[in-house]
Amino acid sequence: MTGLMSAKKQNREEVLNKIEEKGFTDYGHYAGKLLSAIWSDAVQGAADERKKLRIAAALNNCDYDAVLISVLENNLAEVLEGMAIAAYALGTTNSAVYLPSENDGLADRIMEMSKGYGLDMQIEVGIVDTHITNTNPFYNANGHFETYAALSAFFSDPETYRPSILLAVKRGEVLEGFKKYPLGVTVKKVVGDIAEEDIMALEIGTKIFDRTALDVKIDAAFQPENGVVSVLGPDVCMIDQAVVRMEKICYKSCGKCTFCREGSRQLHAIFKEMTAGKGSASDLALVKEIVDAMEFSTLCSVGKTAANPVIGVLANFDDEIEDHIKRKKCRTDTCKAFMNIYIDPMKCEGCGDCVDECPADCIEGDEGYIHMIDDLECTKCGKCIEACEYEAIVRASGRLPKLPEKLTKVGKFKKR
Ligand code: SF4
Ligand code: SF4
Ligand code: SF4
């Protein structure tokens, strides 16, 4: 509790001045916003609305998987001490911790431990409208868990304190552990030794970039909202990735703001259509309109960042968009709508082995005749490819070559 004790040796004005002089900023979505400004807005808001000021700690709403809850779980004493310092500086004991979901064990620990810091603690469950909406009868001075832990570290030892950030790398589906980095670290340093050609995209929190973002610095003003830098490999279809992310956002939106609720659904639908081969160039103009409206017409970080996956794909992967819309192909064959499976008439020996393997019963042909796949019925499962020992069954995207239109004897098909 050395941080709180050292803060309390100073008067409130001095504590506030130190925080301002140090240029403390909040972590995550509101990265870059000075803590002193957040607090002064909250004090003013509480006075204007005649509410009680409350120190609130939360994740960013757009930390959809609550990855950074580990900061609270592993550094509870530091987070509570930081909240107590904030409470002292702002002359209140009201405080709240927002948990992203019910967690009785953690809630009990918070309630128990917060008594030692003189906090009148409340546990809230669900998303916090960070910095904007306030729960009656309180007006929240909101901050990220990491922000409060940093305050504790600073007041515990101002001389050795260096601003740092917890970051984890996600490769494919594997999330590696969090490590502490100095603010200003490059993305390259965080993702480590990896050949550039093995990177298709970098996802920094909710934002998507191409590999040139390796040189970007993660600092007070630019950082992942969830502490995660994801490396997406060359086998990843970026249009499909946008769909996956928009689907998650649709699920997370609480629905209060029209543009978060409807905008996310529309962006999801438009990109889904692209993956189904039904996208059109006119959709892109609509996407831009929706994206602009979402930024300015939503209340919290979910809505404000909801369009980020789409913005990132539009800005960095226009070639892939053109592939899906104009050239009707998917670079990685992820989008099955563009994938064709056909039997090469010059290679088929008419053995019939593929017919028995097809679960959709959509391969036609007789012994000694070139076999044909009914494209409308084919599910693109690929089982026939493995069954053909003549390697006559081809998986490809783009235009189909000339194929037989009726049963043709093996060796009798003419390409032209
Ligand atoms: S609808 Fe509004 S308040 Fe609800 S998650 Fe979206 S932006 Fe936040
Ligand atoms: S495609 Fe292959 S497995 Fe099917 S009939 Fe022709 S040669 Fe046989
Ligand atoms: S890909 Fe699957 S469904 Fe299509 S023809 Fe081959 S086995 Fe049948």
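Here's the list of aspartates and glutamates a cross-link from Lys115 could span, going by alpha-carbon distance under 16 Å and ignoring same-chain residues fewer than 8 apart: Glu78, Glu81. Max-minus-min Cα coordinates of segment 165-232 on each principal axis give 28, 22, 22 Å, with the largest extent listed first. Ordering Leu34, Leu151 by accessible surface, largest first, gives Leu34, Leu151; the 1.4 Å probe counts only protein heavy atoms, with every chain in place.
Rounded is the label for segment 2-156. Its Cα gyration tensor axes, ordered a ≥ b ≥ c, give a/c under 1.5. In the chain, helical runs assigned H by DSSP with n ≥ 4 each contribute -39500 (n - 2.57); averaged across all residues and rounded to the nearest 500, the mean residue ellipticity at 222 nm is -11500 deg cm²/dmol.
For the peptides 389-396, 279-286, the ranking by mean Cβ contacts within 10 Å, running from highest to lowest, is 389-396, 279-286.
In the chain, taking the dipole from charged Cβ atoms about the Cα centre, the farthest positive-side position among Leu284, Ile325, Ile218 is held by Leu284. Charge dipole of segment 318-399 (Cα centre as origin; +1 on each Lys and Arg Cβ, -1 on each Asp and Glu Cβ, all else neutral): 540 debye, rounded to the nearest 20.
Normalising the Debye intensity of segment 139-202 to I(0), with uniform scatterers on Cα atoms only, and taking log10 at q = 0.14, 0.17, 0.28 Å⁻¹ returns -0.58, -0.76, -1.26.
Give me the percent of accessible area attributable to carbon and sulfur for segment 181-274, probe 1.4 angstrom. Using a 1.4 Å probe with all protein chains present, segment 181-274 comes out at 52 percent carbon and sulfur.
Taking max minus min of the alpha-carbon positions on each principal axis, segment 195-272 gives extents of 41, 32, 14 Å, largest first. The spread of Cα positions in segment 238-327, taken along each principal axis and listed from longest to shortest, comes to 38, 20, 19 Å. Residues whose amide H comes within less than 5 Å of that of Val216, counting only those at least five positions distant or on another chain, are Val187, Lys188 (H built at 1.01 Å from N in the peptide plane). Spatially, segment 188-249 and segment 365-416 are offset by 40 Å when compared through their Cα centroids. A simple charge model with +1 on the Cβ of Lys and Arg, -1 on the Cβ of Asp and Glu and nothing else charged puts the dipole of the chain at about 880 debye relative to its Cα centre. Annotation: the chain has a Kirkwood hydrodynamic radius of 24.5 angstrom, from the mean reciprocal C-alpha pair distance. With the simple spin-label model, which puts each label point 7 Å out from Cα in the Cβ direction, the Ser101 to Ala47 separation comes to 4.2 nm. Basic side chains Lys and Arg get +1 at the Cβ, acidic Asp and Glu get -1 at the Cβ, and with that the dipole of segment 141-277 about its Cα centre reaches some 480 debye. Using +1 at the Cβ of each Lys and Arg and -1 at the Cβ of each Asp and Glu in the chain, identify which of Ala107, Ser40, Gly263 lies farthest towards the dipole's positive end. In the chain, that residue is Ser40. Unpaired Cys in the chain, meaning no second Cys C-beta under 4.7 Å: Cys62, Cys237, Cys250, Cys254, Cys300, Cys348, Cys351, Cys358, Cys362, Cys378, Cys381, Cys388. Computed over protein heavy atoms with a 1.4 Å probe, the accessible surface of the chain works out to 49 Å² per residue.
Surface composition of segment 90-170: carbon and sulfur atoms hold 50% of the protein heavy-atom accessible area at a 1.4 Å probe.
The values are calculated or read from the model by the stated rules, or taken from the named source; none is laboratory data. Treat the numbers as computed from the prediction; the structure is a model and nothing was measured. Here Cβ is always computed from backbone atoms with ideal geometry, including for glycine, and neighbour counts include all displayed protein chains. To get the accessible areas, we keep the full protein, side chains included, count just its heavy atoms, and leave off ligands, DNA and RNA. Shrake-Rupley method; radii C 1.70, N 1.55, O 1.52, S 1.80 Å.
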